[in-house]
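Only one structure is covered here, and it is reproduced in the block below.
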Amino acid sequence: MERKNAVSYAPAPPQPLTTAIPRRPASGGWLMKFVPYLFILPAFIPYVIFLALPIIGSIALSFFNWTGISFNNIEWAGLDNYIALTQDEVFWKAITHNLYFILGGVIGTVAVALTLAVLLEQHLPFSSFFRGAFFIPTTTSLVVVGIVFMLILSPELGLVNPLLRQVGLGHLARPWLGDPQTAMPTIIVVDIWKNFGLAMFLFVAGLKGIDAELYDAARIDGATPWQTFWRVTMPVLWPVTALVIVLTSIGTLKLFDLVYVMTAGGPNYASEVLTTWMYTQGFRYSKMGYGSAIAVVLLLMTLILSLIQLRVFAINRDES
């Protein structure tokens with residue numbers, strides 16, 4: 001009987017390991033391109049509904065005459081609403097008041113916010129308390145601010161006129177919101193009080209970012225505190241200052257609540273601005289097309305002003 005060959009149990013030589021990478025089906029590749037857009041939908045949908053569509057609707061409505069009640073009485077007007085704006089004296093007054101408001105609001109807000117920011121960075125007593133106290137007006141509703149200051153400035157029930165009489169300055173007492181000479185300056189002061197807190201915190205953040213070695217070098221060179229402020233602090237704070245100016249300008253240009261609550265554009269259109277005149281024409285006189293034309297002009301003014309300011313600030317930054 002033949003003997004069968006012995007079976008070899010020696011291990012087989014190792015084979016190179018290969019990891020198979022599963023491939024995504026080609027049919028679903030185009031779907032992955034739209035996945036990032038899904039993440040912006042929660043913010044994009046409200047933006048379209050509450051901002052983009054109203055802007056487009058206002059632009060379209062400015063070419064029509066409509067009372068805002070029924071679409072049955074809507075009529076094509078073409079450029080008639082814009083032509084009527086050129087002949088509207090109150091409209092031109094409102095533009096002048098807006099520019100006046102921007103100039104006073106920007107200068108006042110920057111001056112007050114920067115001064116307080118520099119003082120708070122000196123680590124004076126109760127600095128932490130005043131930082132919070134100065135920011136409180138920013139969080140307050142404009143309607144509430146307008147009502148409170150309207151009561152404070154009231155000739156009969158207010159606190160300002162009696163206080164002036166008590167300290168011997170009774171000749172300065174007047175109906176602050178009822179006098180055409182003081183209505184707009186008074187609203188500007190209240191607006192500065194309302195908004196300087198945010199600008200102050202922006203300046204405080206900018207001051208904290210300044211290298212202390214710059215101040216040491218200026219002190220060694222014999223610079224006075226005033227020279228140090230203009231030659232060291234202000235150049236470094238220029239980007240923050242530009243941001244504050246742009247935000248303040250846009251905010252004052254579209255301001256409505258404060259003016260409407262305190263004076264409603266009066267007396268005798270002395271404090272009328274574009275937003276209040278737009279509201280009056282659209283919702284009180286039922287001229288929705290004419291009011292929309294004013295809104296379009298306001299939008300264009302905001303865009304042009306922002307572009308000019310950003311351009312000027314960019315040039316100054318490059319030169320510095």
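Residue-wise, which Karplus ³J(HN,Hα) couplings in Hz belong to the stretch 51-63, taking 6.51 cos²θ - 1.76 cosθ + 1.60, θ = phi - 60°, and x for glycine or proline?
3J(HN,Hα) across the stretch 51-63, in whole Hz: 10, 5, 5, x, 5, 4, x, 5, 4, 5, 5, 5, 9.
Over the chain, calculate the relative contact order: mean separation of alpha carbon pairs under 8 Å at least 6 apart, over the residue count, as a percent.
26 percent
Cross-chain or 8 or more residues apart, Cα under 27 Å: how many lysine pairs in the stretch 79-319 fit that? Count them up, please.
Eligible lysine pairs with Cα atoms under 27 Å apart amount to 6.
At 7 Å along Cα-to-Cβ for each site, give me the label-to-label distance between Leu172 and Met234 in nm.
Once both label points are built, they end up 2.8 nm from each other.
With the Cα gyration tensor of the chain giving a ≥ b ≥ c as the square roots of its eigenvalues, does the rule (a/c under 1.5 for rounded; else a/b larger than b/c for prolate; else oblate) give rounded, prolate or oblate?
The shape class here is oblate.
What is the set of long-range amide H partners of Phe64 at a cut-off below 5 Å, with H atoms built 1.01 Å from backbone N?
Result for Phe64 returns Ala77.
Rounded to the nearest 500, what is the chain's calculated 222 nm mean residue ellipticity when only DSSP H runs of at least 4 contribute -39500 (n - 2.57) each, over all residues?
It lands at -19500 deg cm²/dmol.
Taking the highest mean first, how do the peptides 243-251, 196-204, 151-159 order by number of other beta carbon atoms within 10 angstrom per residue?
The packing order, highest mean first, is 196-204, 243-251, 151-159.
With springs only between Cα atoms under 10 Å apart, run a GNM on the chain and tell me which of Leu53, Leu103, Leu299 wobbles the most.
Per the Cα network of the chain with a 10 Å cutoff, Leu53 tops the list.
Could you check the simple spin-label distance between Asp80 and Leu159, using points 7 Å along Cα→Cβ, in nm with one decimal?
For the pair Asp80/Leu159, the computed spacing is 5.2 nm.
Report, by chain and number, residues whose modeled amide H sits under 5 Å from the one on Ser154, excluding near sequence neighbours (fewer than 5 apart, same chain).
Under 5 Å from the amide H of Ser154 lie the amide H atoms of Leu159, each far enough along the sequence or on another chain.
Coordinate-derived values only; no laboratory data. Predicted model, so just to flag it, every value in this text is computed and none were measured. We place every Cβ from the backbone using ideal geometry, glycine too, and count neighbours over all the protein chains shown.
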